[in-house]
1. State all residues of the stretch A:69-95 that are part of a loop (DSSP other than H, G, I, E, B), farther than 20 Å from residue A:205 by Cβ and touching a helix residue (DSSP H, G or I) at 6+ places or on another chain (Cβ under 8 Å); if no residue qualifies, say none.
2. Within the stretch A:129-139, work out how many residues are part of a strand (DSSP E or B) and either free of Cβ contacts under 8 Å to residues at least 12 places away in the same chain or surrounded by fewer than 22 Cβ atoms within 10 Å (Cβ to Cβ) (or both).
3. Looking only at the stretch A:108-128, decide whether some residue is within 11 Å of another protein chain (Cβ to nearest Cβ), in a loop (DSSP other than H, G, I, E, B), in contact (Cβ under 8 Å) with a residue 40 or more places away in the chain and under 28 Å from residue B:9 (Cβ atoms).
4. Just give me the residues in the stretch A:30-50 being closer than 25 Å to residue B:68 by Cα and in contact with a strand residue (DSSP E or B) (Cβ under 8 Å, 6 or more places away or on another chain), in sequence order.
5. Please determine whether any residue of the stretch A:79-101 is more than 16 Å from the chain's Cα centre (by Cα), surrounded by fewer than 23 Cβ atoms within 10 Å (Cβ to Cβ) and without any contact (Cβ under 8 Å) to a residue 12 or more places away in the chain.
6. List the number of the failed condition for residue A:99; all other conditions in (1) assigned to a helix (DSSP H, G or I); (2) closer than 23 Å to residue A:162 by Cβ; (3) touching a strand residue (DSSP E or B) at 6+ places or on another chain (Cβ under 9 Å) hold.
7. Being over 26 Å from residue A:62 (Cα atoms) and in contact with a helix residue (DSSP H, G or I) (Cβ under 9 Å, 6 or more places away or on another chain), is that true of even one residue in the stretch B:2-25?
8. Among (1) within 30 Å of residue A:183 (Cβ to Cβ); (2) without any contact (Cβ under 8 Å) to a residue 60 or more places away in the chain; (3) buried (at least 17 other Cβ atoms within 10 Å of the Cβ), there is one condition residue B:68 misses while meeting the rest; what is its number?
């Protein structure tokens, strides 16, 4: 099993992701410079957070033209796992690997804090070791995390169980007051229809050690690891 | 030959930045404003010898594939002669 972490100019959570996979998940991991195009040695690729291309034009808009992205589309089409975190989520939406778009937070502020997320489904490769309804505590750190999509897309996300995480209060109630950035339906993370591509605004890689306030993020990486084991077998 | 490309949020998409600018304009004393929406403006300058149709086609394509995100934004293209 091998993880890859894509590095764009301006990525800044790439080392956190690398560190968590190698030290906490205990799996081999390599960085992938955005100009590389051969992903054949990887089983899962993380598109990390940060400010790829300085967020010029729109967050994630220019990263989607990097050479690695065409390979990432093929990689995802083979059913292999792709996980976009924060700027990674924005990039996957811009690239069309996930539906919808992430817009400026409704309150305009850059928000950096721990939030509660309700796990909406265990039926995803990223949450199969977490019971549905559990509340995770993970940090967010973004200015453009306001998930937006049209009515048709939203209905299909709900019908197909593609909504994986929603912002909630500490008891797991999905309420407007917990919706920090104004996302439609309190959406914090979604998968594609085939469920092998996840995008999420919160940072699980920053919550894998109790010293950092939460280790809930580990369960997402452990779920992914068991999914890779099942996929490879 | 130049192309001017205007990118605007689709109607109905909330524009929190436009709202904040609107608020600032009101603080300046302009109380007669119904709404302010923020957009982006791009100027594309073409090499000499390119015709209007070709310039328009290229600008439309760039607008669609790069400058605007079709999920949330619309765009419009204007073609102008040099110096205008």
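The values are calculated or read from the model by the stated rules, or taken from the named source; none is laboratory data. Note that the structure is predicted; figures quoted are calculated from it, not measured. Quick reminder, even Gly has a Cβ in these numbers, built from the backbone with ideal geometry, and neighbours come from all protein chains shown.
1. Passing the criteria: A:79, A:95.
2. Matching residues across the stretch A:129-139 total 3.
3. Looking through the stretch A:108-128, none of the residues is within 11 Å of another protein chain (Cβ to nearest Cβ), in a loop (DSSP other than H, G, I, E, B), in contact (Cβ under 8 Å) with a residue 40 or more places away in the chain and under 28 Å from residue B:9 (Cβ atoms).
4. Quick first cut of the stretch A:30-50, residues closer than 25 Å to residue B:68 by Cα only: A:34-35, A:47-50.
Matches in the stretch A:30-50: A:34, A:47, A:48, A:49, A:50.
5. Of the stretch A:79-101, the ones more than 16 Å from the chain's Cα centre (by Cα) are A:79.
Restricting the remaining residues to those that are surrounded by fewer than 23 Cβ atoms within 10 Å (Cβ to Cβ) gives A:79.
Filter once more, so that each one left must be without any contact (Cβ under 8 Å) to a residue 12 or more places away in the chain: none.
No - not one qualifying residue is present in the stretch A:79-101.
6. (1)
7. Keep residues of the stretch B:2-25 that are over 26 Å from residue A:62 (Cα atoms), which gives B:19-25.
From what's left, in contact with a helix residue (DSSP H, G or I) (Cβ under 9 Å, 6 or more places away or on another chain): none.
Taking every residue of the stretch B:2-25 in turn, none turns out to be over 26 Å from residue A:62 (Cα atoms) and in contact with a helix residue (DSSP H, G or I) (Cβ under 9 Å, 6 or more places away or on another chain).
8. (2)
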